[in-house]
Amino acid sequence: MKRQWNKAAAALLAAVMLVFSCPIPALAQEETVHIRTVQDLQAFAKSCTLDSWSRGKTAVLEADLDLTGVSFSGIPTFGGMFDGGGHTISGLSLTGDGSTQGLFRSVQKGAVVQDLRVEGTVSPTGTRDIVGGVAGRNQGTLLRCSFSGTVRGGTDAGGVAGKNEAGGELTGCTFAGSLSGELHAGGVVGQNLGSAVECVNLGSVNTTQLEEEATAQTVLEENSVTDAAADLSGWTDVGGVAGYSAGILQNCRNEGSVGYPHIGYNVGGVAGRQSGLLDGCTNSGSVQGRKDVGGIVGQLEPEVTLLYSQTFLQKLGDELSTLQTKTDALLNDAGNVSHDLSARLSALSDQTDSARRAADALSGAAADWADEGTGQLNDLSARVSRALNLLDPALADADDQLHTLSQAAGKLSDAMDEAERLGRLTGKSLESARTALRDLETALEKTRAALKDVQTAAQELRASLGNLSEMKKSAEKLLTACETLNTTVTGGLQTSAAALRKALDEAQVAVNGTDDLAAALGSAADDLARALSGLANSSESLHSAAQELTSGPSLHIPALNGNVTQKDDDLNEALSSLTQAANDLNTAASGSSDSLLGDLRDINQQMGVIASLIQDEGSRQANAQDHYEDVSDRETLRSQSAGRVSACRNTGAVEGDLNTAGIAGSMAVDLEFDPEDDLTQEGDRSVSFLIQTMAAVFDCVNEGSVTVKKDCAGGIVGLMDLGMADSCQSYGDVKSTGGSYAGGIAGDAAGAIRSCWSRCTVTGKHSVGGITGRGAVLTDCRSAAQAHGDAKTGSVAGELMEDGTASGCLYAEGLTAAIDGVSYAGQAEPIAFSDLCALPDAPENFSNLTLTFTDGESVVATLTVPYGGALDSLPEIPAREGCSASWPALDYSCITASRTIEAVYTPYRSALSDGSEPAQILAEGRFGTAAKLSAVSEESAWQDTAGASHTGTVWTVTVTDPELGVSSRTLHYRLPEDGSRWQLWVRGADGWQKQDFTIDGSYLLFTADGEETTFCVLPGTFPVLPVVIAAGAALVVLAAGILLLRRHRRRAAH
């Protein structure tokens, strides 16, 4: 951060407090513009096309205005006072081409816009570089302004302001709605270089656009996560309040959702990337991203200071000046010496002066060369960092596709084994398929080796950041490895796969059928094709990224030729001449008076100093490299005005793939952006320098859960390359689902952790600790955290780094021993939990746990329980139509962590079964989740209400439903055989009685009430009497018909 900003931070904060109480300046009547209609606003906007027109004027909005359907392209520039009077401008629609867009495209330095509400859509096309709801670019003050609606931009997209310049102020501003951007996207401000105080985001950031524009194939399928990350790698610096902040964020709040699963870099609940001062901010919204994801900030960058050192050339110049002084002294003493000696002394003086000038010239040229080289180095580092962001997901995807290919090959081998065993695949078809499969497996091994070379080259490239020559070598090596991988995939692997596909097609014909065996062969072949296609795409992505890296504009540290080389040659020549002149002088002066000997000895000694200096410099490396020194633990932490996150609280759930935490996802130097803007210079300009970094997270509290797919999960910081965490508290559970380095405070910490308290559950593969998974310096930390991992677990730390230290740390006895299962006296040792809570500096919340019960939409109850305490009863759950509800089945008898507990709503069941296959008894109705049906049967004899005796199978069906109780239901009884007649008898309070029923397929259906129903189904009796009567009637009708027919014939005969 720039030095002048550091000096002005306190003054800016004081000014913010004054802003709230400042009245609108009273101006002359002619300087006030009254805006009452849409036409007034259009005329006002037209006048503001001239930057100076609005300066000194006050514009007063005196009514709500609706711009729906109105041609309005915003207010170009404003330099006066705009008083919104609490009124609303609605219907704003800025959707045309544009770069800097907002209701006010630009608010000038010294201008004020206050008490204004804006509603609408700001979603321009074109470059969309700086986009905000109220203002695109702000250099003045936005006071109590709000925007509600949709904002979409590219770089610097903010709900209220796109870019808040240094000196700009946002105070009491609010955003509600939906915002999306690609770089520097924030709910209130995209990029903040000034101050944002008491600002609130209620909207979603980078969620809706992805849902609308990304396909299910690239986002929702787990196997395509890395593809989506590669496609949207530009989603960087995304925050609930600010996308990127190098200024001040004070007492701001985010309540909206931020980010999307597995997508985006530097994603934070308050700020995506932060290098300034962030204090007193809170987040309660969910935060999701891919890498460097935090509940408060995604990435915390340090305050960086360049400490220039006196270099060889400067020292040489000083020593040459000393030599010239001694030579001049000798000349003064040589007035009476021979003309020859005087001439030689003059020559020595001239040569000394020439050498000094040559050294000065070389020093300046070398410094210019270093400045240019540093810029080149930063540019290349940025390009390398962007390429690595593209390479990481492609590498992960390629590895997954190789694994899928191996599985497909295994399925094919198993299917061929089965076909051979059954005699369905023999002879030439079998031999061709086996040969093709072996060739594929060989190609797979070559591909694995090629992918490993790419992974190794990528790691070397990442390690080389900051070293130009090594970066160039590593980039070239990476390109070669990617080309080899691409050739291996598109050549050998695809050729082998094509041969195998042909052999499989023949094999499917040979097995002669469409049964399970043929289907298995076809399925395995399809899996193989899909995985191969995915691998080819990943390989091409890797190759393209490597090509982009190496084919960009040529970057190089300027060679030491031309101006620098010439001046180096001049210096060497001058030094040689100087040495020769000194030798000549010694020879000529050998017979001179003793008065000159003392001066000559001084000159010789000084020449020795210069020679030693040159020799020492020659022993150093030819190319000096910059280096970092973390001084975070050496400064007074609370005086830092940059690289700081303090007094912040997160309660939202945080999810990411890598480097994810409740407060800061990572604390590191981001090489993707030029660090010069943030450097503070001390000392004279020089070729070599030391980079000092300071970063601090202190007095912060995390209560939200943290879930990480891979490595570096922390309650406070995920990856801590540098800096210090001090006096922080962690209460939310931390989990790495598939990786390692998980800690209650920090996942992987090369910085210092001091006086931090952790009480949560931490889970990971290895290097899992209550304070840190892996740490360097742990001092006076306290842990009541439960650490669960496969290896290297401890209540304080999973492991310490080489030369790492722990001192004064305590953990609650009964938990896993301190560091990798071992406790150390005076360093990390156990103590009773009650004694831990009784320590003078114990936080109040450490011994009290908070359980927040929600129904998924709102908070039902918040209960405070002492550590290890129990809940006697749970809150009543709000009813939801058509569902049963319950709290999760947790151990409420021993509460050891704060957490948010969400009610589980389960749709009611419509059927119960007796559990047999097929079901003998079914009950149809409306049942709770705990409802049960039981059925028993026995052969029994009984009498009906008429006294008739019956014998048959008597069923007793019992239905219990503790949640809904028992009401009317339909019982289904599976009949023993089809097509017969049946009788249904049900035993009631009055005895056995017949009951009506229906038949549905194989089941007899009837209505039952009450918990228990006893019934018997008997074969129906044949109805003899009705049949006899019907038959008799039929005979009578037939006889009558015959008689009538005979009469008719007789009449006809007569």
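The values are calculated or read from the model by the stated rules, or taken from the named source; none is laboratory data. Fair warning: this is a prediction, and the values are worked out from it, not measured in the lab. Cβ placement follows ideal geometry from the backbone for every residue including glycine, while neighbour counts extend to all protein chains displayed.
I need the full set of residues from the range 117-135 which are touching a residue at least 40 places away in the same chain (Cβ under 8 Å) and under 12 Å from Val189 (Cβ atoms), in order please.
Passing the criteria: Ile130, Val131, Gly132, Gly133.
Conditions (1) surrounded by 24 or more Cβ atoms within 10 Å (Cβ to Cβ); (2) touching a residue at least 40 places away in the same chain (Cβ under 8 Å); (3) among the basic types (Lys, Arg); (4) touching a Leu at 6+ places or on another chain (Cβ under 8 Å), marked per residue:
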| site | (1), (2), (3), (4) |
| --- | --- |
| Gly744 | yes, yes, no, no |
| Gly769 | yes, yes, no, no |
| Arg782 | yes, yes, yes, yes |
| Gln786 | no, yes, no, yes |
| Gly789 | no, yes, no, no |
| Met801 | no, yes, no, no |
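List the pairs whose first member sits in the range 66-90 and is in the same structural domain as Gln42 (by TED's automatic domain parsing) and among the hydrophobic types (A, V, I, L, M, F, W, C), whose second member is part of a loop (DSSP other than H, G, I, E, B) and crowded, with 21+ Cβ neighbours inside 10 Å, and whose Cβ atoms are under 6 Å apart, counting only residues at least 6 apart or on separate chains?
That search, which allows pairs on different chains as well, returns Ile75/Cys48; Phe78/Cys48; Phe78/Ser54; Phe78/Ala111.
Among the strands (runs of 3 or more DSSP E) lying completely within the range 709-756, list those that include at least 3 residues that are within 18 Å of Leu300 (Cβ to Cβ) and over 18 Å from the mean Cα position of the chain (by Cα).
Numbers: elements: 717-720, 724-726, 734-736, 746-754.
By residue number, 724-726, 746-754.
Does Ala43 satisfy the condition of being in a helix (DSSP H, G or I), farther than 16 Å from Val134 by Cα and modelled with pLDDT of 50 or more?
Values: in a helix (DSSP H, G or I): yes; farther than 16 Å from Val134 by Cα: yes; modelled with pLDDT of 50 or more: yes.
Yes, satisfied.
Find the residue count for the range 712-742, including only residues that are out of contact with any Asp or Glu (no Cβ under 7 Å at 6 or more places or on another chain), under 11 Å from Gly764 (Cβ atoms) and surrounded by fewer than 24 Cβ atoms within 10 Å (Cβ to Cβ).
Going through the range 712-742 one residue at a time, the tally reaches 3.
Of (1) assigned to a loop (DSSP other than H, G, I, E, B); (2) touching a residue at least 40 places away in the same chain (Cβ under 8 Å); (3) among the polar types (S, T, N, Q), Ser873 satisfies all except one. Which?
Unmet for Ser873, out of (1) assigned to a loop (DSSP other than H, G, I, E, B); (2) touching a residue at least 40 places away in the same chain (Cβ under 8 Å); (3) among the polar types (S, T, N, Q): (2).
Could you check the range 926-996 for strands (runs of 3 or more DSSP E) lying wholly inside it with 1 or more residues that are under 14 Å from Phe1006 (Cβ atoms)? I'd like the intermediate steps shown before the answer.
Working: elements: 932-943, 949-960, 969-974, 982-988, 991-994.
It comes to 949-960, 969-974, 982-988, 991-994.
Only one residue in Thr900, Thr929, Thr906 is touching a Cys at 6+ places or on another chain (Cβ under 8 Å) and either free of Cβ contacts under 8 Å to residues at least 60 places away in the same chain or not assigned by TED's automatic domain parsing to the domain that holds Tyr731 (or both). Which one?
The unique qualifying residue is Thr906.
Give the residue, chosen from Asp914, Asp891, that is outside the structural domain of Asn702 (by TED's automatic domain parsing), among the acidic types (Asp, Glu), surrounded by 14 or more Cβ atoms within 10 Å (Cβ to Cβ) and out of contact with any Asp or Glu (no Cβ under 7 Å at 6 or more places or on another chain). Step through it out loud before you land on a result.
On the way: Asp891 fails: surrounded by 14 or more Cβ atoms within 10 Å (Cβ to Cβ).
Selected residue: Asp914, the only one of Asp914, Asp891 that is outside the structural domain of Asn702 (by TED's automatic domain parsing), among the acidic types (Asp, Glu), surrounded by 14 or more Cβ atoms within 10 Å (Cβ to Cβ) and out of contact with any Asp or Glu (no Cβ under 7 Å at 6 or more places or on another chain).
If you take the residues in the range 871-888 that are surrounded by 15 or more Cβ atoms within 10 Å (Cβ to Cβ) and polar (S, T, N, Q), which one is nearest to Ser783 (Cα to Cα)?
Of everything passing the filter in the range 871-888, Ser886 is nearest to Ser783 (Cα to Cα).
Just wondering, is there one or more residues in the range 847-859 that are more than 30 Å from Ala879 (Cβ to Cβ) and assigned to a strand (DSSP E or B)? Show your work before the answer.
Of all residues in the range 847-859, those more than 30 Å from Ala879 (Cβ to Cβ) come to 847-848.
Applying the additional criterion that residues be assigned to a strand (DSSP E or B) yields 848.
Yes; the residues of the range 847-859 include at least one that is more than 30 Å from Ala879 (Cβ to Cβ) and assigned to a strand (DSSP E or B).
Just to check your reading of the model, which residue among Gly952, Gly915 is free of Cβ contacts under 8 Å to residues at least 60 places away in the same chain and over 25 Å from Pro878 (Cβ atoms)?
Gly915
Name the residue, out of Gly868, Gly856, Gly814, Gly826, that is exposed (fewer than 13 other Cβ atoms within 10 Å of the Cβ), more than 16 Å from Trp757 (Cβ to Cβ), at pLDDT below 85 and not polar (S, T, N, Q).
So the residue among Gly868, Gly856, Gly814, Gly826 that is exposed (fewer than 13 other Cβ atoms within 10 Å of the Cβ), more than 16 Å from Trp757 (Cβ to Cβ), at pLDDT below 85 and not polar (S, T, N, Q) is Gly856.
Restricting to the range 232-259, and then to whatever is of a type in the set (S, T, N, Q) and part of a strand (DSSP E or B), can you tell me which residue is farthest from the chain's Cα centre (by Cα)?
Ranking the candidates gives Gln250 first.
Looking only at the range 932-949, count how many residues are closer than 16 Å to Gly1010 by Cβ and touching a residue at least 24 places away in the same chain (Cβ under 8 Å).
Total meeting the criteria: 3.
With the condition kept exactly as written, say whether any residue in the range 268-287 is basic (Lys, Arg) and at pLDDT below 75.
Taking every residue of the range 268-287 in turn, none turns out to be basic (Lys, Arg) and at pLDDT below 75.
Kindly indicate which of Gly979, Gly965, Gly991, Gly1001 is modelled with pLDDT of 90 or more, small (Gly, Ala, Ser) and in the same structural domain as Ile921 (by TED's automatic domain parsing).
Gly991
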